[in-house]
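> Got a structure for you, questions after.
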Amino acid sequence: MREGAAGASWFTVGMRAPGPESPDGLTSSDAAAGGPAARARVTIRQVADLAGVSISTVSRVLNGRSDVSDETRLAVERVARVHGYDTRRAVPEDQSRPSRERFDLAGQQLSGLVGVTTTTSGTAYFSTILAGITEALAERDMWALVCPTRQEHNREVSVLQRLMRSEMIGALLLLPEESPDELRRLREDGLVFVVVDPLHDLGPDIPVVSAANSSGAYQATAHLLQLGHRRIGVITGRRDGSATRARLRGHYAALAEAGIMPDPLLEAEADFLVAGGAAGAERLLGLADPPTAIFAFNDCMAVGALHAARARGLRLPDDLSVVGFDDTPEAEAAYPGLTTVYQPLKELGRMAVSLLVRLMDDHPYEPLQVELATRLVVRSSTGRLAR
């Protein structure tokens, strides 16, 4: 890991070890000697345009892959040689972009990098998606450059700008803070990317991979209704979030089928963290007519709700039923075991890589909005209404 000039942390994960010399015959000594690599600033995107091929084709040529025709390989190598492109060229310290120069423990150079922006890599939710991404990239001899953005819009914009000027062949944006218009501008500027689990509602022209949030929430609420619960509290994420709005739609749909009107008093907004879930549950349980069940919009907040209920001396699930969302390891480890909505987090990452590769190969993928199925996982935290 290293700290970039703009203050963004970067770390690289994957499986690839090309040989010590790039396909165009240039070595790191050429750059040091003031050769073509030192004179040029040609990017992999420009090499692809000049050779009339896709970015991923250039990456395969530079990585010595055999699945490229001799004619295409010669064309790419000729363009790279003429324009002084060197995958290992040194970048001045004042250059405001991350160097593509990465080495494994054996000192061999790594290439085929995909930028991955994420608010954090420290939770089971994000780490599981990242696991799917890195596995899928490794199968394609590619690497992930992971860039945590801490949910800071300006920091994320800086990271994306650096990716635009770097040798990244594409990008995966997890829960990006950028507006749809900002993302469209990135695409118009030439960045090939896929959004994973969008924060905002994006138009049909922006490639997205997400889970069936509305369907999952419907299943969770319908389960509680079948157990006899009628006052169901919900702990949401930020109300302007795409996933929160979709889960609320599913929750409302299940209530409507049961002839129940939504009650704003039974809704508490939180931050997807355990402490936020505990605070939200405390507010709901402090009502004059408290809920008999709580549906938290992720597992961390559901665990917080369990803590708040036990602190009040409530028995689970006899006095209160609790449902989460995600089916992360925390759900199974919780006491009692947490009933939750499973969403295929690892498959979200793998599907995003598959879609990105298609886009880099200039093969449009229809539909651009890919939604993966969710399902209810019933454990011990929910039970039939006892009163």
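The values are calculated or read from the model by the stated rules, or taken from the named source; none is laboratory data. In this text the structure is predicted, and so the values were computed from the model without any measurement. For neighbour counting, all protein chains shown are included, and Cβ atoms are generated from backbone atoms with ideal geometry for every residue, glycine included. The accessibility values were calculated without ligands, DNA or RNA, using every heavy atom of the protein model including side chains. Shrake-Rupley method; radii C 1.70, N 1.55, O 1.52, S 1.80 Å.
> Considering only region 139-156, state which residues are open to solvent by 20 Å² or more (accessible area, probe 1.4 Å) and not in a strand (DSSP E or B).
Listed by number, the residues that qualify are GLU139, ARG140, ASP141, ARG150, GLN151, GLU152, HIS153, ASN154, ARG155.
> Need pairs with beta-carbon distance below 7 Å; first residue within 16 Å of LEU173 (Cβ to Cβ) and within region 132-144, second surrounded by fewer than 23 Cβ atoms within 10 Å (Cβ to Cβ) and acidic (Asp, Glu); sequence gap 6+ or separate chains.
What qualifies is GLY132/GLU347.
> Would you confirm, using the coordinates I've provided, whether ARG387 is out of contact with any Pro (no Cβ under 9 Å at 6 or more places or on another chain), of a type in the set (Lys, Arg) and either closer than 27 Å to ALA268 by Cα or at pLDDT below 95 (or both)?
In short, yes.
> So which residues in region 284-313 are among the aliphatic types (A, V, I, L, M) and open to solvent by 50 Å² or more (accessible area, probe 1.4 Å)?
Within region 284-313, ALA288, ALA311 meet the criteria.
> Could you grab me the full set of residues in region 228-283 that are farther than 28 Å from ALA311 by Cβ, open to solvent by 60 Å² or more (accessible area, probe 1.4 Å), of a type in the set (A, V, I, L, M) and touching a helix residue (DSSP H, G or I) at 6+ places or on another chain (Cβ under 9 Å)?
Scanning region 228-283 gives a single hit, MET261.
> Restricting to region 193-242, what's the tally of residues that are among the acidic types (Asp, Glu), more than 22 Å from GLY115 (Cβ to Cβ) and in contact with a Ser or Thr (Cβ under 6 Å, 6 or more places away or on another chain)?
Of the residues in region 193-242, 1 are among the acidic types (Asp, Glu), more than 22 Å from GLY115 (Cβ to Cβ) and in contact with a Ser or Thr (Cβ under 6 Å, 6 or more places away or on another chain).
> Still on this structure: Can ARG239 be described as closer than 30 Å to ASP319 by Cβ, at pLDDT below 95 and in contact with a strand residue (DSSP E or B) (Cβ under 8 Å, 6 or more places away or on another chain)?
yes
> Quick check on my filter: what residues within region 312-360 are under 24 Å from LEU287 (Cα atoms), touching a residue at least 60 places away in the same chain (Cβ under 8 Å) and of a type in the set (A, V, I, L, M)?
Passing the criteria: LEU316, VAL322, VAL323.
> Inside region 268-387, counting only helices (runs of 4 or more DSSP H) that do not spill past its ends, which hold 2 or more residues that are in contact with a Cys (Cβ under 7 Å, 6 or more places away or on another chain) and within 22 Å of GLY216 (Cβ to Cβ)?
Fully inside region 268-387 and qualifying: 274-285.
> Can you tell me which residue is most open to solvent (accessible area, probe 1.4 Å) among those in region 184-218 that are within 25 Å of ARG45 (Cα to Cα) and in contact with a Gly (Cβ under 9 Å, 6 or more places away or on another chain)?
Filtering first and then ranking leaves ARG184.
> Right, next: Give me a count of the residues in region 201-236 that are under 23 Å from the mean Cα position of the chain (by Cα), under 28 Å from PRO317 (Cβ atoms) and part of a loop (DSSP other than H, G, I, E, B).
Total meeting the criteria: 1.
> Conditions: (1) in contact (Cβ under 8 Å) with a residue 24 or more places away in the chain; (2) touching a Phe, Trp or Tyr at 6+ places or on another chain (Cβ under 6 Å). PRO262 meets all but one. Number of the miss?
(1)
> Related question: Go over the candidates THR128, THR118, THR134, THR123 one by one and state the one that is surrounded by 24 or more Cβ atoms within 10 Å (Cβ to Cβ), modelled with pLDDT of 75 or more and polar (S, T, N, Q).
THR118
> Among what's in region 327-348 and is modelled with pLDDT under 95 and among the charged types (D, E, K, R), pick the residue that is least open to solvent (accessible area, probe 1.4 Å).
Going through the qualifying residues, I end up with GLU330.
> Can you name the condition, by its number, that MET360 falls short on among (1) modelled with pLDDT of 95 or more; (2) under 22 Å from GLU135 (Cβ atoms); (3) touching a strand residue (DSSP E or B) at 6+ places or on another chain (Cβ under 7 Å)?
Answer for MET360: the failing condition is (1).
> Now for a different question. Counting just the residues of region 169-183 that are open to solvent by 10 Å² or more (accessible area, probe 1.4 Å) and in a loop (DSSP other than H, G, I, E, B), which one comes out farthest from THR118 (Cα to Cα)?
So, considering only residues that are open to solvent by 10 Å² or more (accessible area, probe 1.4 Å) and in a loop (DSSP other than H, G, I, E, B), the one farthest from THR118 (Cα to Cα) is SER179.
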